[in-house]
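The values are calculated or read from the model by the stated rules, or taken from the named source; none is laboratory data. Model, not experiment: these values are computed from the prediction. FYI the Cβ positions are ideal-geometry reconstructions off the backbone, even for glycines, and counts take in every protein chain you see.
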Amino acid sequence: MTVNSGLDNVIKKINRHFEHSSIITNPVELNLYSCDGLRLHTSQPGCVVIPESTDDIQIIIKTCNEFSVPFTARGAGTGLSGGATSDAGVIIQLSRMNQIHETDYANRCATVQPGVVNSYLSMITRPEGYHFAPDPSSQIACTIGGNVAENAGGPHTLKYGVTTDHILGMTAVMPSGDIIQFGGKERYAPGVDLTCLMTGSEGTLGVVTEIIVNLEKIPETTRTFLLIFDQVAKATDTVSAILEKGIVPAALEMIDSLCIQAVEAKLKAGFPKNAQAVLLVELDGSKSLVQKDAELLKNIVGSLVSEPIQEAATAEERMLLWKGRKHAAGSMGQLSPAFYTNDGVVPRHRLTDILNEIYRIGNYYQLRVANLCHAGDGNIHPLILYDPKQNDEVNRSVECSSDILKTCLDYGGSLTGEHGIGAEKNHLLSDMFSEYQLDIMRGIKEIFDPNNLANPGKIFPGSSGCGELRQLSRKPEPV
Ligand SMILES: Cc1cc2nc3c(=O)[nH]c(=O)nc-3n(C[C@H](O)[C@H](O)[C@H](O)COP(=O)(O)OP(=O)(O)OC[C@H]3O[C@@H](n4cnc5c(N)ncnc54)[C@H](O)[C@@H]3O)c2cc1C
């Protein structure tokens, strides 16, 4: 049976179970699902189904299985690696599964459906003094299901960890159609940690339909500092110096000059336009500890900063600084019609080197590259500016991204810190892992999904993925 005839059968059968408004087959509407936040990768799904419960998802997956049609879960579609796309398969759109089933403060956890928007959960729990710690910059839109699938991070990852550190358990519909529970409120379970395995598997092992998340106590006090530098290298050296002296800031974020231009043009967040880089340093905890760390911070940064250290004096000032940081990528429209968000990691002590290399590689390809970094984690986000109408520029952006990522690997880093592999980077995975390691991963996928129906073409090398991005490029010679 071809995928197309299989798809027709899936649609016919699903139509018997779901209301008309829960199935999209009109090509114009399907277009809306043809990409996620990575607009360089597009593929048209065969249909979109919008379930309301775990049982609904079971029906969809069993039907897909019956007719060998692939399926892909989709949250808010803010992913940046082409993960929530499907080539002629079924998209399972989870936006109607957006209920918080339980908040359990005695056990410091909440049970939520996957379509709950990240910041909404913290909004609901904040009056009780709790929040969901993972805070991707996209948190006003992205879903907790998407966070689980991508093992999302964010500015506060440095102190609080990534999504997997905050997931206690989950329910998932497996590719076979079985409903399985992983982990639970008990926090500790023997054996291989399958909850952890599911987290970050990008929808390739099953569809997550309910999640038990950890709730973190909101600290007694939070103070946010702005450090201004006349050289990028001084900012990156400061990152190492702060951590070496034993301070673990809640957040330690870097923005370079080009990013500052975009943010200030759009938001006027208060980043000086003549700075080469700024660091946002957030300290939180008990008042006495934060006071001690704040004094130490001022001593450490002493002569490295080009202007006196600034501190947000009010909640509004703090929010404005964070708005500048979290909407920095969104401000790029001030500088360019499009940009390609890169996501790589280097060991922290290589931050200066990687930024130098990024500027050099950008020059080589004659592209402007603005930089945002979760600097404390060594997680870089070069934003490669390009004009989508210029084919040559699009190609150069893809090659530029590939070279930056390969340099991260040369420095002992990683291909992704938080955006996942998706359809974007699967052709690079074998540069990072040995065949033996990849075979283990493929073996796991096969046990969970022997028919390769769960989000095929994502993560694993050799699977059909992102054609436009599969241009392996050589690193340019030094200029
Ligand atoms: C401006 C901007 C800023 C961002 N900042 C950050 C950041 O700071 N940190 C960070 O980590 N990311 C960031 N991202 C990337 C993105 O927001 C995250 O990856 C987020 O977790 C994706 O959530 P989503 O609901 O949009 O998922 P989608 O994009 O819909 O899906 C992402 C992947 O998860 C799978 N998936 C979704 N739901 C499920 C489910 N229930 N079960 C199984 N698989 C599922 C999909 O198949 C896909 O592979 C940013 C994106 C943008 C556009």
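The lone criterion from (1) touching a residue at least 24 places away in the same chain (Cβ under 8 Å); (2) more than 16 Å from the ligand (Cβ to nearest atom); (3) farther than 18 Å from D36 by Cα left unmet by L415 is number (2). Applying the set (1) basic (K, R); (2) under 21 Å from the mean Cα position of the chain (by Cα); (3) within 14 Å of D256 (Cα to Cα) to R368 leaves exactly one unmet item: (2). Would you confirm whether any residue within the range 8-30 is within 16 Å of the ligand (Cβ to nearest atom) and free of Cβ contacts under 8 Å to residues at least 24 places away in the same chain? Taking every residue of the range 8-30 in turn, at least one turns out to be within 16 Å of the ligand (Cβ to nearest atom) and free of Cβ contacts under 8 Å to residues at least 24 places away in the same chain.
Residue-by-condition table, conditions (1) under 30 Å from I300 (Cβ atoms); (2) within 13 Å of the ligand (Cβ to nearest atom):
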site: G129; (1), (2): no, no
site: I140; (1), (2): no, yes
site: A149; (1), (2): no, yes
site: K185; (1), (2): no, no
site: P190; (1), (2): no, no
site: M198; (1), (2): no, yes
site: P219; (1), (2): yes, no
site: F225; (1), (2): yes, no
site: A235; (1), (2): yes, no
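Put simply, of L267, L279 the only residue that is under 30 Å from V117 (Cβ atoms) and surrounded by fewer than 21 Cβ atoms within 10 Å (Cβ to Cβ) is L267.
Quick grid of which residues meet (1) outside any loop (DSSP other than H, G, I, E, B); (2) closer than 19 Å to C373 by Cβ:
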| position | (1), (2) |
| --- | --- |
| L409 | yes, yes |
| I421 | no, no |
| L428 | yes, no |
| D431 | yes, no |
| E446 | yes, no |
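Within the range 385-397, residues that are within 21 Å of G330 (Cβ to Cβ) reach partners that are in a helix (DSSP H, G or I) and of a type in the set (S, T, N, Q) with beta carbons closer than 8 Å, at six or more positions or on different chains, in the pairs Y386/S397. Screening the candidates I242, I255, I212 for the property of being outside the structural domain of N147 (by TED's automatic domain parsing), within 25 Å of H131 (Cβ to Cβ) and within 16 Å of the ligand (Cβ to nearest atom) yields one hit, I255. Being part of a loop (DSSP other than H, G, I, E, B), under 26 Å from S401 (Cα atoms) and outside the structural domain of T171 (by TED's automatic domain parsing): is that true of S86 here? So S86 passes the test.
Which members of the range 372-390 meet the condition of being hydrophobic (A, V, I, L, M, F, W, C) and over 15 Å from the mean Cα position of the chain (by Cα)?
Answer for the range 372-390, where residues must be hydrophobic (A, V, I, L, M, F, W, C) and over 15 Å from the mean Cα position of the chain (by Cα): A375, I384, L385.
Considering the range 74-90, and only residues there that are under 19 Å from N26 (Cα atoms) and of a type in the set (A, V, I, L, M), the residue that is nearest to the ligand (Cβ to nearest atom) turns out to be A84. Being crowded, with 20+ Cβ neighbours inside 10 Å and part of a strand (DSSP E or B) is a property that L405 lacks. For the range 304-327, indicate whether the set of residues that are in contact with a His (Cβ under 9 Å, 6 or more places away or on another chain), among the hydroxyl-bearing types (S, T, Y) and farther than 19 Å from H156 by Cβ is non-empty. Within the range 304-327 (the criterion being in contact with a His (Cβ under 9 Å, 6 or more places away or on another chain), among the hydroxyl-bearing types (S, T, Y) and farther than 19 Å from H156 by Cβ), the answer is no, since none of the residues qualifies. Being closer than 21 Å to G177 by Cβ and aliphatic (A, V, I, L, M) is a condition met by no residue of the range 29-44. Pairs are defined by a Cβ separation below 6 Å, a sequence spacing of at least 6 or placement on different chains, a first member in the range 46-66 that is at pLDDT below 95, and a second member that is not acidic (D, E); no pair meets this definition. Here I300 clears all of (1) modelled with pLDDT of 95 or more; (2) in contact with a Lys or Arg (Cβ under 7 Å, 6 or more places away or on another chain) except the condition numbered (1). Does the range 91-113 contain at least one residue that is within 16 Å of the chain's Cα centre (by Cα), at pLDDT 95 or above and within 12 Å of the ligand (Cβ to nearest atom)? Checked the range 91-113: no residue is within 16 Å of the chain's Cα centre (by Cα), at pLDDT 95 or above and within 12 Å of the ligand (Cβ to nearest atom). Looking across E202, E253, one residue alone is touching a helix residue (DSSP H, G or I) at 6+ places or on another chain (Cβ under 9 Å), touching a residue at least 60 places away in the same chain (Cβ under 8 Å) and under 30 Å from L289 (Cα atoms). It is E253. Are there any pairs, at least 6 apart or on different chains, whose C-beta atoms fall under 7 Å, with the first in the range 320-335 and over 17 Å from S119 (Cβ atoms) and the second more than 10 Å from the ligand (Cβ to nearest atom) and of a type in the set (S, T, Y), and if so, which? Every condition considered, the pairs that remain are L321/T224. For the range 309-330, the count of residues that are touching a Gly at 6+ places or on another chain (Cβ under 8 Å) and of a type in the set (A, V, I, L, M) is at least one.
Taking the range 1-76 and the helices (runs of 4 or more DSSP H) fully enclosed by it, the elements with 3 or more residues that are out of contact with any Lys or Arg (no Cβ under 8 Å at 6 or more places or on another chain) and crowded, with 20+ Cβ neighbours inside 10 Å are at 3-17, 54-66. Residues that are without any contact (Cβ under 8 Å) to a residue 40 or more places away in the chain, away from the ligand (no atom under 13 Å from the Cβ) and either assigned to a strand (DSSP E or B) or not assigned by TED's automatic domain parsing to the domain that holds R74 (or both) do not occur anywhere in the range 160-174. One residue alone among R325, R318, R368 is outside the structural domain of E264 (by TED's automatic domain parsing), touching a strand residue (DSSP E or B) at 6+ places or on another chain (Cβ under 7 Å) and of a type outside the set (F, W, Y), and that residue is R368.
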